[in-house]
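One structure below.
The values are calculated or read from the model by the stated rules, or taken from the named source; none is laboratory data. These numbers were taken from a predicted model, which means no experiment stands behind them. Cβ atoms come from the backbone with ideal geometry, glycine included; neighbour counts cover every protein chain shown.
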Amino acid sequence: MKRTFYSEKEKKNYYRRLTEDQKIEAFAEMVGDAQNAVFLGGAGVSTESGIPDFRSKNGLYNKKRGRFSKYRPEYLLSYDCLKKEPEVFFDYYRSNMDVRNARPNKAHLVLAELERSGRLAGVITQNIDGLHQKAGSINVQEIHGTIWGNHCVSCHKEYDADFIFDCKGPIPVCEDCGKLVRPDVTLYGEFLPEKAYRNAIDLIGKADLLIIGGTSLEVGSAAQLAHMYHGENLVIINKGKTRMEGKADLLFHKSIGDILDQMWYQ
């Protein structure tokens, strides 16, 4: 049954007094009552599939970079690196971005079930791994692009993920025109994909429940979307600290897969 609160303070005080089990029950109630629930996720959603995040202690940017050690990690995944040192870019990209064999985890699977059941309007993801689609989600807005597509920078011929990762030469080139083939990933220094970001804004604008998971909201694109939300309920699930925690109705510093799984089976 949908709860009625007479002030935002009363609402926050109610939810902050709940035990962990009661918070899971309240989360399930919010999802059941919502007309347009939306999920906004980051790298923490995929760490439980064995894909490292970027900035945590064990993240990609903090691991030993060996032959790439003279470069800043952000540079290695930037448009500048692709343009000025394509051999370095593709060497690093192939070594670190090949997640073709990764499998969806509990978080991806529950979100797909929520969409199939009509309880989730869509997923907005910063991840480029395609695991939401592998799990069965349909309305997925990939605001940082995807590893699963590549295209020629000149004639725009499209190629699948295997084309770059299995390329024998140091720089993948188009079979038709011989120009460079690049991934459909948004690199540092590039604009976000316009259609995906516009669709994400539309989802946020219509949402009455926003679930933020697996992201600290340190990246501007996700933070901007989160601040655009003015719906009824906000749930944040992230092992580490996340910006906007003070605005959350429910806050979980635990595994996102476990929390979503517990909520789903209430």
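Against the condition under 27 Å from the mean Cα position of the chain (by Cα) and buried (at least 20 other Cβ atoms within 10 Å of the Cβ), how does Arg182 come out, does it pass?
It is true that Arg182 is under 27 Å from the mean Cα position of the chain (by Cα) and buried (at least 20 other Cβ atoms within 10 Å of the Cβ).
Name every residue in segment 121-144 that is part of a loop (DSSP other than H, G, I, E, B) and either at negative phi or out of contact with any Asp or Glu (no Cβ under 9 Å at 6 or more places or on another chain) (or both), in order of residue number.
Residues satisfying the conditions are Ala121, Gln126, Asn127, Ile128, Asp129, Ser137, Ile138, Asn139, Ile143, His144.
Do we have any residue at all in segment 60-73 that's assigned to a helix (DSSP H, G or I), more than 30 Å from Asn199 (Cα to Cα) and among the hydrophobic types (A, V, I, L, M, F, W, C)?
Within segment 60-73, one or more residues are assigned to a helix (DSSP H, G or I), more than 30 Å from Asn199 (Cα to Cα) and among the hydrophobic types (A, V, I, L, M, F, W, C).
Restricting segment 1-25 to residues that are surrounded by fewer than 10 Cβ atoms within 10 Å (Cβ to Cβ), within 20 Å of Gln266 (Cα to Cα) and modelled with pLDDT under 90, which is nearest to the chain's Cα centre (by Cα)?
Lys2
Quickly run through segment 20-59 and pick out the residues that are farther than 24 Å from Met228 by Cα, assigned to a loop (DSSP other than H, G, I, E, B) and of a type outside the set (S, T, N, Q).
The answer is Gly50, Ile51, Pro52, Asp53, Phe54, Arg55, Lys57, Gly59.
With the structure loaded, tell me whether Thr215 is assigned to a loop (DSSP other than H, G, I, E, B), free of Cβ contacts under 8 Å to residues at least 60 places away in the same chain, in contact with a strand residue (DSSP E or B) (Cβ under 9 Å, 6 or more places away or on another chain) and buried (at least 20 other Cβ atoms within 10 Å of the Cβ) or whether it fails that test.
Here the answer is no, as Thr215 does not meet what is asked.
Looking at Arg103 and the list (1) outside any loop (DSSP other than H, G, I, E, B); (2) over 19 Å from Gln35 (Cβ atoms); (3) at pLDDT 95 or above, which single condition is not satisfied?
Going through the list (1) outside any loop (DSSP other than H, G, I, E, B); (2) over 19 Å from Gln35 (Cβ atoms); (3) at pLDDT 95 or above, Arg103 breaks only (1).
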